[in-house]
Amino acid sequence: MPSIILRHAFAAAALLLALYPGAATNPAGAEPAKPAREEAGQYFDAEGVLTYNIKPDGTVDWATYSGYRRYHAECHVCHGPDGEGSSYAPALVESLKTMKHDEFVAITVQGRQGHVAGRPSVMPSFGTNSNVMCYLEDIYVYLRARADGALPRVRLDKREEKPQAAKDAEKTCLGE
């Protein structure tokens, strides 16, 4: 039964993207979306969901940079460089075009089993991995920027300084 639901969900998402192709990504060469607000070094969109802040000179916010680093330390082995996917796991830059924040968190924390193209697919749970969980929001922000087309496949060298709130949260999460 869940596979039928997933097939219908994917079909609906594909139909929406076919009808509104620009809805999930920024048009090529478009200015990255600006966050609606900033709070303690984190940026939020109009719906209150964490987002990225990329300046015209390419400087990224701390969360995007941190997410880039953590993604490449923990996730790229399966999901490929820069979230582009592999023969083993899907392209997260495609998944995040339709996946909501809460679903991303739930799948990362709990894991998921299913079938993709007739083959078994397993996303392990990372709920006890502090290298993922302490930076989960940063990983999401990085992948969101990639999925929106706001961040190309580049090495991130220009970044904002690490906010004190991020330093404090990291120490608390890691038990320091």
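Give the residues of segment 102-131 that are touching a residue at least 24 places away in the same chain (Cβ under 8 Å) and within 12 Å of the chain's Cα centre (by Cα), sorted by residue number. Selection gives Phe104, Val105, Thr108.
From the list Ile107, Ile139, the lone residue that is surrounded by 13 or more Cβ atoms within 10 Å (Cβ to Cβ) and in contact with a Lys or Arg (Cβ under 8 Å, 6 or more places away or on another chain) is Ile139.
Scanning segment 9-29 turns up no residue that is out of contact with any Leu (no Cβ under 9 Å at 6 or more places or on another chain), surrounded by 13 or more Cβ atoms within 10 Å (Cβ to Cβ) and at pLDDT 90 or above. Look at (1) of a type in the set (A, V, I, L, M); (2) in a helix (DSSP H, G or I); (3) more than 12 Å from the chain's Cα centre (by Cα) and you find that Ala63 fails only one, number (3). For segment 139-156, a residue qualifies if it is outside any loop (DSSP other than H, G, I, E, B) and either under 14 Å from Val49 (Cα atoms) or without any contact (Cβ under 8 Å) to a residue 12 or more places away in the chain (or both), and the qualifying residues are Ile139, Tyr140, Val141, Tyr142, Leu143, Arg144, Ala145. Listed by first and then second residue, the pairs with beta-carbon distance under 7 Å, at least 6 apart or on different chains, first residue in segment 159-174 and assigned to a helix (DSSP H, G or I), second of a type in the set (Ser, Thr, Tyr) and surrounded by 11 or more Cβ atoms within 10 Å (Cβ to Cβ), are Cys173/Ser130; Leu174/Ser130. Within segment 72-99, residues that are part of a helix (DSSP H, G or I) sit with their Cβ atoms under 7 Å from residues that are among the acidic types (Asp, Glu), at 6+ positions apart or across chains, in these pairs: Val93/Glu84.
Considering only residues of segment 45-58 that are modelled with pLDDT of 95 or more and part of a loop (DSSP other than H, G, I, E, B), which is surrounded by the most Cβ atoms within 10 Å (Cβ to Cβ)? This residue is Tyr52.
One residue stands out in segment 149-176 among those that are basic (Lys, Arg) and surrounded by 10 or more Cβ atoms within 10 Å (Cβ to Cβ): the one that is modelled with the lowest pLDDT, namely Arg153.
The values are calculated or read from the model by the stated rules, or taken from the named source; none is laboratory data. All values derive from a computational prediction rather than experimental measurement. Positions of Cβ are generated from backbone atoms using ideal geometry, with glycine treated the same way; all protein chains shown enter the neighbour counts.
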